[in-house]
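The values are calculated or read from the model by the stated rules, or taken from the named source; none is laboratory data. Since the model is a prediction, treat every value here as computed from it, not as a measurement. Backbone-built Cβ (ideal geometry, glycine too); neighbour counts: all protein chains shown. Heavy atoms of the whole protein, side chains included, go into the accessibility calculation; ligands, DNA and RNA do not. Shrake-Rupley method; radii C 1.70, N 1.55, O 1.52, S 1.80 Å.
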Amino acid sequence: MSLGRLLKNVTRSYAPPTGAQYVRKLLTYWRYWRQKRRSRVGYRRYGEKYPYNLLFVAGLPKSGTSWMESMLSSYPGFHYTMIPEAVAYEVETGGSHDYDLPADLASRFEESLTVLKLHAPGSSHNVEVLEREEIPYLVMYRDLRDVAVSHYFYVRRTPWHPEYSEYKELSVTEGLRHFGETLLPEFGHWISTWNANRNSKLSLALRYEDLLDDTKAHFRRVASHFGLDDAKESVREIVDAHRFENVTGGRSRGEQDAESFARKGVAGDWRSHFTDDLRRLYKKEIGDLLIDLGYEEGTNW
């Protein structure tokens, strides 16, 4: 077991939330330099094979972005990397769905093969940063009702999460109501910003549910968008290696344990948890958005 994994496991089990968050920050910087070094080695070996060296994935938490990040990192030479400032911002503010990309994003990852996944919104600033350097990007989103359910269970088992103290004593119904009154409007706005501002030539939008329904076809679209090998055989090998039943045999990167990854794979799980009051609350906040995104035909749900 690596030092990082050992510290993380000990922190999850024994450290108080504030201590866990502090350790998380330290581990983030250690991992950043380690990941950056690996990405540079990958560039020296394989950089000439690819038209783009930085692949950017934007998505809200629990929307399939870790799964996508892992599949993209399967291409020779590419490695996932996290910006430490983004993690620090998330710990300090409770989330990074309003995080501004650093202006020097492209230069940070020169001569490296990097897959960068962030929860950053589609603000005019962020879109400008990506457009200025012609960085291709993927925007992923998921039914926010399922995001709410996944978020509740994830936060309750994650002591270092900034919202742990808010959710740890809440029942499922109480937790989903709390999410609906706090993060739901912000998450809905996040999706709207990308829909309104994203560059149609540089970007590709993908619903998590579509990826789940036909992973090979949609991952092939993503690979083609990023200029990666999109041959059927190559895509099939990557997708097969990252099926839920394969990755949940051990701890997959980006998920806290097999249970959370399996829960993340469920589409429509919200129906098992929503009360009539919750339905009314969520309809008020995102009813029109769900229709615009194709999740509902009307408000009779």
Original post:
Roughly to the nearest percent, how much of the accessible area of segment 92-215 is carbon and sulfur, given a 1.4 Å probe?
Top reply: 40
Original post:
³J(HN,Hα) across segment 289-296 via Karplus (A = 6.51, B = -1.76, C = 1.60, θ = phi - 60°), whole Hz, x for Gly/Pro?
Top reply: 5, 4, 6, 4, 8, x, 7, 9
Subject >> Using a Förster distance of 35 Å, the FRET efficiency for Thr299-Arg157 (Cβ separation, nearest 0.05) >> reply: 0.60
Subject >> Under 5 Å, built H, 5+ apart or other chain: amide partners of Val57 >> reply: Leu116, Lys117, Leu118, Leu138
**OP:** Pop out the ³J(HN,Hα) list for segment 37-52 in order, Karplus 6.51 cos²θ - 1.76 cosθ + 1.60 with θ = phi - 60°, rounded to Hz; leave Gly and Pro as x.
**Re:** 5, 5, 5, 6, 4, x, 5, 4, 8, 10, x, 6, 7, 10, x, 10
Subject >> Residue-wise HN-Hα coupling along segment 235-243, computed from phi with Karplus coefficients 6.51, -1.76, 1.60 (Hz; x: Gly, Pro) >> reply: 5, 4, 4, 5, 5, 4, 6, 10, 5
Subject >> Taking all pairs of distinct alpha-carbon atoms in segment 117-187, Kirkwood radius in angstrom >> reply: 14.0
Original post:
Using mean Cβ contacts within 10 Å as the protection proxy, how do 59-66, 37-44 order, highest first?
Top reply: 59-66, 37-44
Original post:
Can you list residues whose amide H is under 5 Å from Tyr80's amide H, if they're 5+ apart or on another chain and H is modeled 1.01 Å from N?
Top reply: Val115
**OP:** Sort the following peptides by mean Cβ neighbour count (other Cβ atoms within 10 Å, averaged over residues), highest first: 103-111, 74-82.
**Re:** 74-82, 103-111
Subject >> Accessible area (Å², per residue) of segment 132-200, counting only protein heavy atoms and a probe of 1.4 Å >> reply: 37
Original post:
Considering amide H positions built from the backbone, and no H for Pro or chain starts, which residues 5 or more places from Glu296, or on another chain, come under 5 Å of its amide H?
Top reply: Ile291
